[in-house]
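Asks: Would you mind keeping the following structure in view while I ask a few things?
The values are calculated or read from the model by the stated rules, or taken from the named source; none is laboratory data. Nothing here was measured: the structure is a model prediction, and the numbers come from that model. So basically every Cβ, Gly included, is an ideal-geometry build from the backbone, and we count neighbours across all protein chains shown. Just the protein is used for accessible areas: all its heavy atoms, side chains included, with ligands, DNA and RNA removed. Shrake-Rupley method; radii C 1.70, N 1.55, O 1.52, S 1.80 Å.
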Amino acid sequence: MELRILVPFVLVVFNLGLIVGQTAEPGTSCSVHSNTSCEVCLKNVSCLWCNSDKKCIDYPVRTILPPRSLCELPSARWGVCWVDFQALIIAMSVILGALLLAVLICCCCCCRKKKVRGPDKTEEKIIRQNEQRKIRQEERKTEMKVRHDEIRNKYGLTKENPYTKFENN
């Protein structure tokens, strides 16, 4: 995306509705508005007001920030007259940092709640099924033991002391 398209868009976003994206007629230079006022100069979104020497200049669209040779950052105004570039950069950095911090905190809180909640429904279902399997296995085990004891008793193979066969009575 070309920077010339972004400059008016950013102005509309950051001017808080004071200037509604007005542009000058093609061919009009911003230097015409020099030695007037900041408000007159900034009616054109492609203009930059330098407060130190009261000049209205074309915004250098090839660079994001105006070079110091053109205008110092504390003196440069663009979009609105009451915010200089330096304050705009600091404010945007603080707001961006706060937003990133808020998103990070929200993500951490969501992850922590998910871990603290414990097992979800599928895990609980698996645990319940495992317990039911163990109960059925124990029931089958006791049934088999009872059946084996019945067979031993039927054929006289009791599970008593194995050395009793060898005793003479």
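Asks: Among the residues of region 93-103, write down those that are aliphatic (A, V, I, L, M) and either open to solvent by less than 80 Å² (accessible area, probe 1.4 Å) or in contact with a strand residue (DSSP E or B) (Cβ under 8 Å, 6 or more places away or on another chain) (or both).
Replies: Of everything in region 93-103, those that are aliphatic (A, V, I, L, M) and either open to solvent by less than 80 Å² (accessible area, probe 1.4 Å) or in contact with a strand residue (DSSP E or B) (Cβ under 8 Å, 6 or more places away or on another chain) (or both) turn out to be ALA98, ALA102.
Asks: In region 44-60, how many are under 17 Å from VAL83 (Cα atoms) and loosely packed, with under 15 Cβ neighbours inside 10 Å?
Replies: 3
Asks: Follow-up. Counting only residues that are crowded, with 19+ Cβ neighbours inside 10 Å and part of a loop (DSSP other than H, G, I, E, B), which one in region 61-89 is modelled with the highest pLDDT?
Replies: This residue is CYS71.
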